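A.B. asks: This is the structure, below, for whatever I ask next.
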Amino acid sequence: MERIIPIQPAAAEPSAAAITPSADGLGCASGKDAMQQAALAAGKGDVLAQYAADYPLHPDTGPHDQPQSMCPAFGSLRVGLRMRRTATILSGSACCVYGLTFTSHFYGARRSVGYVPFNSESLVTGKLFEDIRDSVYDQADPAQYDAIVIINLCVPTASGVPLQLLPKEINGVRIIGIDVPGFGVPTHAEAKDVLAGAMLRYAREEAQSGPVAAPRQTRSDKPTITLLGEMFPADPAGIAQMIAPMGLAVGTVVPTREWRELYAALDCDAVAAIHPFYTASIREFQAAGRTVVGSAPVGVDGTHDWLGAIGAATGVSAEKIDAARNATLAAIRGVLSQQKINGRITLSGYEGSELLVGRLLVECGADLRYVGSACPATPWNEHDAQWLRAKGVHVQMRASLEQDLAAVREWQPNLAVGTTPVVQAAKQACIPSLYFTNLISARPLMGVAGAGSLIQVINGAIGNQARFDSMKEFFGGVGQGDEAGVWNEVPRHFPAFRADVKRMNEKAKKKRKAEEMGG
Ligand code: SF4
């Protein structure tokens, strides 16, 4: 007779001693708690405590027990892969590494991703750490590399693989080992900060203990502003134009593209935290004595306030701040007076720039009802959140997918800007939608260029409503639910069969429950 294996209920609070040192077989689908307990028992308590402080979760919403977007480690991997003369090595389960390398190449990495594989035995005996060390020694060729980055994914972190015991430097090649578990770093945006912060810390300590390499490009003779956050390539140039009347120049963008740029980034007069979630990086800038300014020059109000804050942080005179404002604000007003966004919008994403886009949308005339960001509230986005709330926009930090979807259902917008599952749900509901990551973050946002480009793409998307309506009319309810897929004939319903299956499932469920209770 068929026997159902009883499911043993998990102990509510497993003691550290009860956990085996091996986390082999765990993954993001195993649940965050099991992984965290294993990592704590394996000696990663300090790392997890630092991440909990740097990347705080919302007390009610999480954000998620399991990743609702891509694996967070992708953020660190991407930062490493975009740097010249830097090798990036992953240590983790093969399935995670497969997904991460696939995504890296999908986004045009053009660089090999290193991988140190493991099995249960090498994980439990500590041989994995030796394999990582061997591979780092193999790779450490100063003719090719300035730095080697090793990223512990979930299982090696939960198993306590001690990357901090690797040498700090081999043959002049810097070794940076970081833990980036999905159960400790909530979003891939914040994982960018984990690596950027670790590199800045290393570079700061180097600069403090002796002379370091000069940047490849000649340093501006004006005071410089370091920009924090990956942004559209035209934005730093636009910002440079805006701050030129104040006698300031744009310095380096962090995450950097080369090791020696880290020194230039630290050697600035102020830091603009354009993306507000770089907590570890900001800690390094502050340790180097730099002032950090939040928000960004988006729209008229945003640009006005940001230029004032940058001027104040660098000791620029009120006349020069006014000159910079006069040069830019009239041009932005000009663009905004020529075209407007007409329509109701909901906006959600996990890039960290959602509030800036929200501000720009409001200034472009949009009836924005909701902004959800998977990133946390920080001092650097507080001003943007306040501004949006004052305009009647609901701002949800650490938003979950469920909250983003509820906003679309509630507000029935003319356009839903969001992550892949939000866009998919909106399209199904016949609502025009745009992907935040591919279509909104991949365009200029700052100053005059930002206002012009956003209006065009948003109005174009809202104008697609008629196409959605005609598609809906044409397809009707075809292909929905259990009729989805490719069929040779029109699918037929079998209500009796469906009722039978339902009955059998319920019976099996009751039986399983009874066996569980009986042990
Ligand atoms: S490394 Fe990423 S994909 Fe792998 S288990 Fe962790 S969160 Fe999931």
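Please treat every number below as a calculation from the coordinates, not as lab data. Just so we're clear, the structure is a prediction, and the values are computed from it rather than from any experiment. Every residue, glycine as well, gets a Cβ built from its backbone with ideal geometry; the counts of neighbours run over all protein chains shown.
A.B. asks: Residue separation times 0.36 nm, minus the C-alpha to C-alpha distance between Met471 and Ala52: what's the value?
C.D. replies: 146.2 nm
A.B. asks: If I model a spin label at Ser317 and Gln428 as a point 7 Å from the Cα along the Cα→Cβ vector, what separation in nanometres do I get?
C.D. replies: Label-label distance for Ser317 and Gln428, simple model: 6.2 nm.
A.B. asks: Additional query: About the Cα centre of the chain, how large is the charge dipole given +1 on each Lys and Arg Cβ and -1 on each Asp and Glu Cβ? Please answer in debye to the nearest 20.
C.D. replies: It works out to roughly 880 debye.
A.B. asks: Something else: Classify region 145-249 from the C-alpha gyration tensor, please: rounded if a/c falls under 1.5, else prolate or oblate depending on whether a/b exceeds b/c.
C.D. replies: The shape class here is oblate.
A.B. asks: Additional query: With a Förster radius of 22 Å, plug the Cβ-Cβ distance of Ala330 and Asp367 into 1/(1 + (r/R0)^6) and report the FRET value to the nearest 0.05.
C.D. replies: 0.30
A.B. asks: Another question, if that's okay. Collect residues whose amide H, placed 1.01 Å from N in the peptide plane, falls under 5 Å from the amide H of Asp179; neighbours closer than 5 in sequence don't count.
C.D. replies: Asn152
A.B. asks: Sticking with this one: Does region 420-519 come out rounded, prolate or oblate by the C-alpha gyration tensor, with a ≥ b ≥ c the root eigenvalues, rounded set by a/c under 1.5 and, if not, prolate when a/b is larger than b/c and oblate if not?
C.D. replies: Because a/c hits 1.5 or more and a/b fails to exceed b/c, region 420-519 counts as oblate.
A.B. asks: A further question on this structure: If packing is taken as the mean number of other Cβ atoms within 10 Å per residue, what is the order of 90-97, 503-510, 147-154, highest first?
C.D. replies: Top to bottom by mean Cβ count within 10 Å: 147-154, 90-97, 503-510.
A.B. asks: What FRET efficiency would be calculated for the residue pair Gln241, Asp131, taking the C-beta separation as r and a Förster radius of 45 Å, to the nearest 0.05? Working shown, then result.
C.D. replies: Numbers: r = 50 Å, r/R0 = 1.12.
Taking R0 as 45 Å, the efficiency between Gln241 and Asp131 is 0.35.
A.B. asks: OK, next. Running Debye on the chain with equal point scatterers at the Cα sites and no solvent, what base-10 log of I(q)/I(0) appears at q = 0.06, 0.10, 0.13 Å⁻¹?
C.D. replies: Relative scattering, expressed as log10 I(q)/I(0), comes to -0.34, -0.89, -1.31.
A.B. asks: Okay, moving on. Which of the lysines could be linked to Lys511 by a straight reach, that is with a Cα gap under 20 Å, when you skip same-chain ones fewer than 8 residues away?
C.D. replies: Lys502
A.B. asks: Want the number for Tyr435 to Arg111: 0.36 nm per residue separation, take away the alpha-carbon distance, what's left?
C.D. replies: In short, 114.0 nm is gained.
A.B. asks: While we're on this one: Report, in listed order, any pair from Lys222/Lys320; Lys340/Lys427; Lys340/Lys391; Lys44/Lys168; Lys44/Lys192; Lys44/Lys127 with a Cα-Cα distance greater than 22 Å. Don't jump to the answer; show the numbers that get you there.
C.D. replies: On the way: Lys222/Lys320 14 Å; Lys340/Lys427 24 Å; Lys340/Lys391 17 Å; Lys44/Lys168 19 Å; Lys44/Lys192 20 Å; Lys44/Lys127 18 Å.
Table pairs above 22 Å Cα-Cα are Lys340/Lys427.
A.B. asks: Same structure again: Counting DSSP beta bridges in the chain, what percent are antiparallel, to the nearest 5?
C.D. replies: 5 percent
A.B. asks: Moving on to the next point. Just how large is the dipole of region 89-216 about the Cα centre, in debye to the nearest 20, putting +1 at every Lys and Arg Cβ and -1 at every Asp and Glu Cβ?
C.D. replies: The dipole magnitude comes to about 340 debye.
A.B. asks: Testing the spin-label approximation: label points 7 Å from Cα along Cα→Cβ at Val501 and His394. State their distance in nm.
C.D. replies: Those two pseudo-labels are separated by 3.5 nm.
A.B. asks: What per residue convex hull volume, in Å³, do the alpha-carbon atoms of region 276-323 yield?
C.D. replies: Expressed per residue, the convex hull around the Cα atoms of region 276-323 is 62 Å³.
A.B. asks: Using a 10 Å cut-off on Cβ atoms, rank the peptides 299-310, 39-50, 481-492, 189-200 from the highest mean neighbour count down.
C.D. replies: Numbers: 299-310: 21.9, 39-50: 17.8, 481-492: 8.2, 189-200: 26.5.
Going from most to least packed, we get 189-200, 299-310, 39-50, 481-492.
A.B. asks: Here's another thing I want to ask about it. Hey, with R₀ at 35 Å, roughly what FRET efficiency would Lys509 and Ala484 work out to, going by the Cβ-Cβ distance, to 0.05? Spell out each step's value before the answer.
C.D. replies: Details: r = 25 Å, r/R0 = 0.73.
With a Förster radius of 35 Å, E is 0.85.
A.B. asks: Answer rounded, prolate or oblate for region 91-215, using the Cα gyration tensor with square roots of eigenvalues a ≥ b ≥ c: rounded when a/c is under 1.5, else prolate when a/b is larger than b/c, else oblate.
C.D. replies: In terms of gyration-tensor shape, prolate.
A.B. asks: Starting from 0.36 nm per residue, how many nanometres of slack lie between Glu382 and Phe102 once their C-alpha separation is accounted for? Kindly include the intermediate steps, with their values, before the conclusion.
C.D. replies: Values: separation 280, 0.36 × 280 = 100.80 nm, distance 3.55 nm.
Roughly 97.2 nm would be gained on extension.
A.B. asks: Under a 5 Å amide H to amide H cut-off, with H placed in plane at 1.01 Å, what residues pair with Gly251 once short-range neighbours are removed?
C.D. replies: The list, which skips near neighbours in sequence, is Ile225, Thr226, Leu227.
A.B. asks: Using Cα-Cα distances under 8 Å and only pairs 6 or more residues apart, what relative contact order does region 120-267 have, in percent?
C.D. replies: 19 percent
A.B. asks: Now a separate question. Suppose each label sits 7 Å from its Cα in the direction of the beta carbon; what would the Ala143-Gln338 distance come out to in nanometres?
C.D. replies: 5.5 nm
A.B. asks: Quick check on region 143-264: of the DSSP beta bridges with both residues there, what percent are antiparallel, nearest 5%?
C.D. replies: Numbers: 2 of 12 bridges.
Around 15 percent of the beta bridges assigned by DSSP in region 143-264 are antiparallel ones.
A.B. asks: For a quick check: with amide H placed at 1.01 Å from N, whose amide H comes under 5 Å from Ser433's, ignoring anything fewer than 5 positions away on the same chain?
C.D. replies: Ala416
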